[in-house]
Amino acid sequence: MGKLSIFLFVLFLFVISLFSFANHGVVTVAIPFGPVYEVQKLALILFSMAIGVFVSFIFFAIRDTKKFIDNWQYQKKQKQEIKVQGLYSRALNSLLAKNEDAAREALEDILKEEPDHIDTLLRLGDIAAADDFQKANARYQRAREIEPKRIETLFALDSLLEKSGRWSEALRYLDEILDIDDANLTAMYRKREILEKQARWDDVVSLQKSILKREHTEKDKKREHENLIGYEYEYGRHSLENSQLEKAKKAFRNIMRAEKGFVPAILGLAEVLLQEGESEEAINILENAFAATESKILLARLEDLLISISEPSRLIRIYRSGISRNPNDPVTKFFLGKLFHRLEMIDDSFDTLSGIDTGGASYPELHLLMGNLYMRKRQLEKAVQEFKKAADIKTAFRLPYCCNHCGYRADDWSGRCPDCRNWSTYQFNLDGTCKR
């Protein structure tokens, strides 16, 4: 006890003593519903003081005890957190080292210390997802019970269900994410991928418009705008295959208004018109589109149509018109020479094909045609030379297609490259530049 405290206590006793000399009387104290007592004034004062001191002692004892318990619990929790953090770090290091057994052991030890550790439940679910759907799902569901709106957990459940091909259930979790965060582009991309697999093209187009609105950079917006055009084409193509010609026609025309040179939509519209019996309109559309785009894909389709209705002269005129616009275009010349060959116009075919300047490039199909023409002219030695040059060709007179984005080769045309998933990228691989 400090000197000041001792001085104050002595002073207090002195004051009490003074009061005791001046107050010799008694005080009547009546207890409610009890007896009545006569107590000296000094005794009453001292008794009241004792009561106050005792109450204060109880109060401070409770307070100090609570502080002690809180501090003990805090230290215990801190030690537990340090232990859990150490185990979790060890588990992550084991996962990075591809040691799943060690990671699983460390994660299980964490759950013994903290059963509701969400990150641990998610990592255990990730480990189990490779070969045990039920166990992984149980881990993820437990994490979801603890924190229902945690987006990481919902993504984990979506991934698990996608792996097992349960698309509808996976979509449900992606919709939950979008309810929480309607601008979550990752969830939108995943949802779009599932809708694509289900061929729900009308839903894909609607979702793609939302994605386009939420992209941030001009580069991303441009990419997603191109995707929107592609998905609208898929919607039109799907409608055409299901004989919904009006929907298909509307979709293809909308695309052509936005992207005049989008070849798949031009071909799709021509196909719709042919099914409606409007062959002349289909030919006009292809002819005008070729004049605007110089697309050899359109040219090939135009050739098939005009040959089918026995109008080769019109086709020859179109080819010559294209050559007059671009005299150095070897592909159109090749098509013209191939058409002459198809029509048994051997001399015209030979003159056209022999006049092609390849610029040093190798044209296997050209050499194959020239070899055939030399055979017709009975110039066997030259024919053999041409056939040798075309020795790597497997299918006579059939031009392979090449994706100008990724280099993928294909024998059949498609509006979308199956490798890079881009639209309107196929071109004729006449010069063999696509070696893939």
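Rolling a 1.4 Å probe over the heavy atoms of the protein chains gives the chain an accessible area of 59 Å² per residue.
By a 1.4 Å probe calculation restricted to protein chains, Trp413 has an accessible surface near 80 Å², given to the nearest 10. Taking every alpha-carbon pair under 8 Å whose residues sit at least 6 apart, region 252-383 reaches a relative contact order of 12 percent. Of the solvent-accessible surface of the chain, computed with a 1.4 Å probe and all protein chains present, 54% belongs to carbon and sulfur. Using a simple spin-label model with pseudo-atoms 7 Å out from Cα toward Cβ, Asp411 and Lys66 lie 8.5 nm apart. In order along region 402-412, phi translates into HN-Hα couplings of 9, 7, 6, 9, 10, x, 5, 9, 8, 8, 10 Hz, rounded to whole numbers, per the Karplus curve 6.51 cos²θ - 1.76 cosθ + 1.60 with θ = phi - 60° and x for Gly and Pro. Measuring between alpha carbons in the structure, the pairs from Lys98/Lys197; Lys260/Lys296; Lys197/Lys296; Lys213/Lys247 lying more than 27 angstrom apart are Lys98/Lys197; Lys197/Lys296.
Assuming R0 = 60 Å, what is the FRET efficiency of Gln73 and Ser243, from their Cβ-Cβ distance, to the nearest 0.05? With a Förster radius of 60 Å, E is 0.25. Between Phe14 and Arg320, the contour length at 0.36 nm per residue exceeds the Cα-Cα span by 97.2 nm. Helices of the chain meeting both criteria, an alpha-carbon length of 24 angstrom or more along the long axis and an average Kyte-Doolittle score not below 0.5, with helices taken as full DSSP H segments, are 3-22.
Sorting Ser295, Ser424 by solvent-accessible area of protein heavy atoms yields Ser424, Ser295, largest first, with a 1.4 Å probe.
Dividing the mean sequence gap of close Cα pairs (under 8 Å, 6+ apart) by how many residues the chain holds gives a relative contact order of 5 percent. Using R0 = 35 Å, the C-beta based FRET efficiency linking Lys197 and Glu218 works out to 0.75.
Site pair Arg421 and Asn328 shows an inter-label distance of 3.9 nm when each label is modelled 7 Å from Cα along Cα→Cβ. Across the protein chains, with a 1.4 Å probe defining accessible surface, the residues Leu245, Leu92, Leu273 rank Leu92, Leu245, Leu273 from largest area downward.
With 20 Å as the limit on Cα-Cα distance, the pairs of Lys149/Lys219; Lys338/Lys377; Lys83/Lys112; Lys191/Lys250; Lys163/Lys191; Lys222/Lys249 that go past it are Lys149/Lys219; Lys191/Lys250; Lys222/Lys249. The accessible-area ordering, largest first, of the residues Phe387, Phe47 stands as Phe47, Phe387, per a 1.4 angstrom probe. A simple packing score, the average count of other Cβ atoms within 10 Å per residue, orders the peptides 55-63, 223-231 as 223-231, 55-63, with the highest score first. Solvent-accessible surface (1.4 Å probe) assigned to Met256 amounts to roughly 40 Å².
The values are calculated or read from the model by the stated rules, or taken from the named source; none is laboratory data. What you see is a predicted model, and the numbers here were worked out from it, not measured in a lab. In this analysis, Cβ positions are derived from the backbone assuming ideal geometry, glycine residues included, and neighbour counts consider all displayed protein chains. In case anyone asks, the SASA skips ligands and DNA or RNA and just uses the protein heavy atoms, side chains included. Shrake-Rupley method; radii C 1.70, N 1.55, O 1.52, S 1.80 Å.
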